[in-house]
Amino acid sequence: MKRWMMGVAAWLLLATPVLALDVVATSPSMGALVRAVAPSAQLTVLAGPDRDLHALQAKPSMIRALRGADLLVAVGAELEMGWLPAASASAANPDILPGREGYFEAAAQVPLLDVGGPADRAMGDVHPAGNPHVDLDPVRMAQVAEALGARMARLDPGNAASYRANARRFAETVEQRLPQWQAELAGAPGAVLYHRDAVYLLERFDVPLLGTIEPVPGVPPSGRDLRALAGKLSGRDGVIIHAPHHSPKGPRKLGRELGWPVEPLPLSPPVNADGDGYLQHIDRWVSAIAGA
Amino acid sequence: MNQPLVRGALLGALLTPAAAVTAGDADIDALRAELDAMRSQYEGRIRALESRLSDAEQAAEVARQAAGADALSLPMTAPRVLRSQGQATGQVPAGSRSAGLFDAVTSGTAFNPQISVILDGNYYQDDTEDGNGAALVGEAFQAGGGYGHDHDHGADGHAHADGGHAHAVAEPGFNLRSAELYFSATVDPYFDAASYITVSGDGDVTLEEAYFQTRSLPYGLRVKGGKFLSDFGYINNQHPHQWDFVDQNLPYLNLLGFHGIQDTGVQLTWLPELPVYTLLGAEALQGDQEVFGATLGETEQTELNLGDTDSGPRLFTAFAKVAPELGRNHALQIGVSYAHATQHQAMETHTHMVETHADEHAHEEDHAHEDEHAHEEEHAHEDGHADEHMHVHTDGITEELHETGLAGDADLWGIDLVYKYDAPGAYGQGDFTFQSEYLRSSKDLTIRSSAHPERIGSNRTYTTDGLYAQATYGFLPKWKAGLRYDILGLTNKVSGGRSESFGSSDRWTANVTWNLSEFSQLRAQYAYNDILVGEDEHGEEREQFSAFYLQFLMSLGSHGAHEF
């Protein structure tokens, strides 16, 4: 009798993985989402919030992290394409390659903006698949969280209920916070971005995008570009926002000419952020835009 | 009968329903969770539908505006990314595997491979007399000679005839080094494959690489097969457009040739799951090399009594790379590599100037090249060596060309170190890289044929090493400066039956690279070269010259992802 019970216990232990999921997130926003959904997961975040996810280079440390990962959480839609395909191919870990259960792309879970358009690099570093920067829209991120919860539930059925419940909780928190953000941003005059990296946030709260510092994606502005932008926007109100990896020169020059505030804001929360950290990050963006 | 078994079965049958009853609470929880999941699923779907609706409205608006503003400005539109309902919400019934759910959103290649073309051209000038500086840096003097093919030694500096192979040696003026065509794709769930084809400015087509690589082997193993650049060292597996300098460093260029170890064979790598990045690998390669492990043509093999080219594989490599964890913004990798060529053949030539006047007296000799001297005898060989050429000059001086055939094997050691810092600045500002490698080549050969029969069977070990160290720094957004020092022949000697040590060649190179975008680069490069061209008992023959490059690199097509 006792031996039989021990057998069942052993079977249960074997059936439910005792080890936490080993997750690699490309950016701190994705890391925050992973922490919100699976607080006990073993998480590695590959890039800091002050680095351009599009211009990163594959490094041996990334390959090492990917080697043993159960799940790779990327922003996707070609944002990380300069380094992630090389790093994940070198990691010799078939489980996390695109097409497998261990590969999760946020952009594949939600509808994208800027889809289509001419595939012509005279227009800069364009990505006709759509704008990949979905991580600044809290509503899309709530959808991504639920999809991530579902994915983690498949990978680790033993904790499925907890992943789903955590994802639901995160989505509910976003829903609760939405009216407050909407109220704060109601009637915001608009923002000038350096790159079209916050369009999802602006679109979510109906804040007008007044222009971009770079004339086309991936190309820094010339003096003439800035003068044209200043001419177009003179007399209006707004705020200029750029990421820390963008040169502050152009934004500052435009800010001086227009008399607008210039806010350097990272696209991602701090590396150690969890779900709350992500919401605080949205708070920062909302108050920067509202402060125009 | 089998009493315990029957009893066990009965017990099991009785206990199963009991277990189900006790698990009732858990079931209710599970049901509740499932209901929650369903609710969230529907909410998610509604949200997704709402946002799709708004997207559609927006897209229609954009299209209307675009059509109104400039109907001609939409030359090509990538297919809109279609997502199934389940994908949009991320909720898929457990157990089903809808295709595409785990995929990446891409611009879509619809089964076509990723294609890119890289154009690499330059303007070159140097201040050598013949304008052959770019060829000279690849012919720096090394004990035992460099190129194994019938290399046109010295007679005419311009003729770069190593086996008729097209080389991208810059000549003064404009050069189109290559148009490099790169195709890559995932073949099926088991293989990736790629091919690189270069077309030189003269229209010569070279298959640089064509290989497959496994993608689903367990235990961190990967196998590569085909023709590929070896992972020996660090810079060896980089194509010229990936170099930080226009030209290859002296040790690689002279000890391995322009293409490095580029050969046909198989590679096995193992990336064990360790807290520190560690990659171990080994390769078996055919051994069709220009310099290291080179074999001569059939005619020469017969003439010089070297024997046939052995059947492959004749070249084996092993390498290990380790990278300590230095945080997100720093990367350091240290590697050790070894290569062994089971067969290496070389031919050495030296010229004797012999006066052949009727009133013969002590003749004067002049060695145009290294080695095998001490001549008392008049080189009148009755044994009828096929490798002897006579040129009778009008002034009665006979020029004799003696060829010595050597055969054996060769070893190559390499140590590499790479450090990269990723700075927070815009467009690479503040980024810093340091890269250094040391190579040591040692050829253990035996004389198989000589104009001096007593030397046959004598051993010659030729050792030449080299080092390069280079650094780049992003001094402005999109602007990068580079500095390189490279030297060949810190050790440059022959030992065995004859011992002699030779001098070294070195070079300082500085350049500035302007990355206008991710897809285009312009580069200006200056180098001061001090190249040892030859050495004999009369002393060293050196060429000291400056060389200047202006280079453009244009990348057409898909975004390439570069490895570390």
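If you check A:TYR103, A:TYR163, which single one turns out to be modelled with pLDDT of 95 or more and more than 8 Å from every other protein chain (Cβ to nearest Cβ)?
Answer to the selection: A:TYR163.
Yes or no, residue by residue, for (1) outside any helix (DSSP H, G or I); (2) modelled with pLDDT under 90:
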residue	(1), (2)
A:VAL73	yes, no
A:SER88	no, no
A:ALA92	yes, no
A:GLY99	yes, yes
A:LEU113	yes, no
A:ALA122	no, yes
A:ASP125	yes, yes
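Based on what the data block shows, is A:ASP114 of a type in the set (D, E, K, R) and in contact with a Phe, Trp or Tyr (Cβ under 6 Å, 6 or more places away or on another chain)?
Spelling it out, it is not the case that A:ASP114 is of a type in the set (D, E, K, R) and in contact with a Phe, Trp or Tyr (Cβ under 6 Å, 6 or more places away or on another chain).
Step by step: first the residues of the stretch A:127-152, then only those that are assigned to a loop (DSSP other than H, G, I, E, B) and facing another protein chain (nearest Cβ under 9 Å), then the one that is surrounded by the fewest Cβ atoms within 10 Å (Cβ to Cβ). Which residue is that?
A:PRO128
Here is a list: B:TYR526, B:TYR549. Which entry is out of contact with any helix residue (DSSP H, G or I) (no Cβ under 8 Å at 6 or more places or on another chain), at pLDDT 95 or above and buried (at least 21 other Cβ atoms within 10 Å of the Cβ)?
Exactly one residue qualifies, and that residue is B:TYR549.
Taking the stretch B:306-317 on its own, how many of its residues are surrounded by fewer than 21 Cβ atoms within 10 Å (Cβ to Cβ) and either assigned to a strand (DSSP E or B) or within 14 Å of chain A (Cβ to nearest Cβ) (or both)?
Adding up the residues that qualify gives 1.
For B:LEU279, are the conditions met, namely being among the aliphatic types (A, V, I, L, M) and within 14 Å of chain A (Cβ to nearest Cβ)?
yes
Scan the stretch A:93-107 and report the pairs whose first residue is of a type in the set (Lys, Arg) and whose second residue is assigned to a helix (DSSP H, G or I), with Cβ atoms within less than 8 Å and a gap of 6+ or a chain change.
Listed by first residue and then by second, the contacts come to A:ARG100/A:PRO94.
Quick one: is B:ALA320 closer than 24 Å to B:ASP231 by Cα, of a type outside the set (Val, Ile, Thr), touching a Gly at 6+ places or on another chain (Cβ under 7 Å) and part of a strand (DSSP E or B)?
Answer is yes for this residue.
Checking the structure you have, find out if any residue of the stretch B:437-450 is part of a loop (DSSP other than H, G, I, E, B), away from chain A (no Cβ under 14 Å) and buried (at least 17 other Cβ atoms within 10 Å of the Cβ).
Within the stretch B:437-450, one or more residues are part of a loop (DSSP other than H, G, I, E, B), away from chain A (no Cβ under 14 Å) and buried (at least 17 other Cβ atoms within 10 Å of the Cβ).
From the list A:SER29, A:SER88, which one is more than 9 Å from every other protein chain (Cβ to nearest Cβ), among the polar types (S, T, N, Q) and farther than 25 Å from B:SER216 by Cβ?
Only one candidate passes the filter, namely A:SER29.
The values are calculated or read from the model by the stated rules, or taken from the named source; none is laboratory data. None of the values given here were measured: they were computed from a predicted structure. Cβ atoms come from the backbone with ideal geometry, glycine included; neighbour counts cover every protein chain shown.
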